[in-house]
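Peer 1: So that we are looking at the same thing, I have put the structure below in structure tokens.
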Amino acid sequence: MIEPNLSGLSVSKQCTLLSISRSSFYYEPKGESEMNLNLMRLIDKQFLETPFYGVRQMTWHLSNGDHLVNEKRIRRLMRLEPIYQKPNTSKAAKGHKIYPYLLRAPLLSSLGPLCLQPAGQLVSERIELALPLRRREMRLNRALIQIPLDGVA
């Protein structure tokens, strides 16, 4: 992609044309340390015996084995390997009933007679608010509450 010995374009100009920073062109990843590779081997070995161990139990197991580890390191190392299970808390169970969200119903059911005063204020004798109570047989029952426009009850 980028050729450093190109006579017509400098590396800086080539990086600008490709919309990448010059530092990302020179960056070389370090890889994992020997200690992390040993920990990953231990995690793999323990995972074959107890595949239900999560981050906390794996941290507890390794710390009992005289390894100085914390949850953040184990979580990062387990995230690198694609074989460890991840929780599926967002997926609904099969056959689970989906309840409707009743607060999406329109709150203002009707406005009283409106008129504009010379000062540009909107005046209404009353505003009726519709508040959903419960859903019964695909029908929404509502209770109407009358609130005066000036806020005085």
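The values are calculated or read from the model by the stated rules, or taken from the named source; none is laboratory data. Predicted model only: the values in this text are computed from it and were never measured. In this analysis, Cβ positions are derived from the backbone assuming ideal geometry, glycine residues included, and neighbour counts consider all displayed protein chains. Side chains are part of the model used for accessible areas, which takes the heavy atoms of the whole protein and leaves out ligands, DNA and RNA. Shrake-Rupley method; radii C 1.70, N 1.55, O 1.52, S 1.80 Å.
Peer 1: Quick check on residue 78: is it part of a helix (DSSP H, G or I) and within 24 Å of the chain's Cα centre (by Cα)?
Peer 2: Against the criterion (part of a helix (DSSP H, G or I) and within 24 Å of the chain's Cα centre (by Cα)), residue 78 qualifies.
Peer 1: Can you tell me which residues in the range 11-52 are assigned to a loop (DSSP other than H, G, I, E, B) and either in contact with a Ser or Thr (Cβ under 8 Å, 6 or more places away or on another chain) or more than 16 Å from residue 76 (Cβ to Cβ) (or both)?
Peer 2: The first filter runs over the range 11-52 and keeps only residues assigned to a loop (DSSP other than H, G, I, E, B), leaving 19-21, 27-33, 50-52.
Of everything in the range 11-52, those that are assigned to a loop (DSSP other than H, G, I, E, B) and either in contact with a Ser or Thr (Cβ under 8 Å, 6 or more places away or on another chain) or more than 16 Å from residue 76 (Cβ to Cβ) (or both) turn out to be 19, 20, 21, 27, 28, 50, 51, 52.
Peer 1: Specify which of the listed residues (50, 59, 16) is in contact with a His (Cβ under 9 Å, 6 or more places away or on another chain), of a type in the set (Ser, Thr, Tyr) and either open to solvent by 70 Å² or more (accessible area, probe 1.4 Å) or at pLDDT 90 or above (or both).
Peer 2: Going through 50, 59, 16 in turn, just one is in contact with a His (Cβ under 9 Å, 6 or more places away or on another chain), of a type in the set (Ser, Thr, Tyr) and either open to solvent by 70 Å² or more (accessible area, probe 1.4 Å) or at pLDDT 90 or above (or both): 50.
Peer 1: Restricting attention to the range 62-75, and to residues there that are among the aliphatic types (A, V, I, L, M) and assigned to a helix (DSSP H, G or I), which single residue is surrounded by the fewest Cβ atoms within 10 Å (Cβ to Cβ)?
Peer 2: 62
Peer 1: Being open to solvent by less than 50 Å² (accessible area, probe 1.4 Å), without any contact (Cβ under 8 Å) to a residue 60 or more places away in the chain and within 30 Å of residue 31 (Cβ to Cβ), is that true of even one residue in the range 86-96?
Peer 2: no
Peer 1: Let me confirm something: among 80, 108, which residue is at pLDDT below 85 and open to solvent by 80 Å² or more (accessible area, probe 1.4 Å)? Full working, then the answer.
Peer 2: Working: 80 fails: at pLDDT below 85.
Result: 108 is the single residue among 80, 108 that is at pLDDT below 85 and open to solvent by 80 Å² or more (accessible area, probe 1.4 Å).
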